[in-house]
Amino acid sequence: MYVPKHFQFEGCAEKKNNIDVDITKVKLTDIDLLQEIGKKTFVQTFSDTNTEDNMKAYLAEGFSREKLLSELCNDESEFYFATVENKVVGYLKVNTGQAQTEQQCPQALEIERIYVLQEFHGRKVGQLLYEKAIGLAQLKEASFVWLGVWEKNLRAINFYQKNGFVAFDQHIFQLGDDKQTDIMMKKVVQPYHE
């Protein structure tokens, strides 16, 4: 049986730019690692363009153990780690159904987060996490994939445009006391058929 490339990552390595990247599903017992990589990548990505108070407020709320535990226990949310030599270097969070941060469509899949440590930017780790999300969308027969990306995060906007996403709306993302505009982007996906 033929298995598309993006279905082959779970539990096995993919070599990109001379590094082996494993994509594995996050378990409840991984909550400390999830909290650590979540906070670290968020700080690396946004601390230069946001106030220290707003960053502290968001990190305390958005990455609290209670919130992460709730998300990990939600059947309509899934997290995946990207690891290199057993070190977590990035992660993916997707939502379906009622877990979507905005109700776009019951058959849609939301990419809520793809974050990679800065030292692994440009080494295709984000691309592998993205491909995992698209594979999940196809497997779940989602009609489209959507996400919100901060209007000032040009690196991410370019990444998603390169992968076929188009802007369709915007929404407000609250970071501490700062109301930021996210560009909402989507991509139609075809379900996987054997």
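The values are calculated or read from the model by the stated rules, or taken from the named source; none is laboratory data. All values derive from a computational prediction rather than experimental measurement. Don't worry about glycine lacking a Cβ; one is built from the backbone with ideal geometry, like all the others, and counts go over all protein chains shown.
Numbers for the structure displayed
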| read-out | value |
| --- | --- |
| Qualifying positions in segment 114-150 - among the hydrophobic types (A, V, I, L, M, F, W, C) and more than 24 Å from residue 49 (Cβ to Cβ) | 128, 133, 134, 136, 137, 139, 142, 144, 145 |
| Scan of segment 116-126 for residues that are modelled with pLDDT of 95 or more and either closer than 20 Å to residue 191 by Cα or in a loop (DSSP other than H, G, I, E, B) (or both), ordered by number | 117 |
| Count - residues of segment 158-194 that are surrounded by 13 or more Cβ atoms within 10 Å (Cβ to Cβ), assigned to a strand (DSSP E or B) and among the aliphatic types (A, V, I, L, M) | 5 |
| Tabulated pairs, segment 33-52, first free of Cβ contacts under 8 Å to residues at least 24 places away in the same chain, second surrounded by 15 or more Cβ atoms within 10 Å (Cβ to Cβ) and assigned to a helix (DSSP H, G or I), C-beta under 6 angstrom, 6+ apart or interchain | 47/55 |
| Number of the exception - residue 119 against (1) free of Cβ contacts under 8 Å to residues at least 40 places away in the same chain; (2) under 24 Å from residue 61 (Cβ atoms); (3) among the acidic types (Asp, Glu) | (2) |
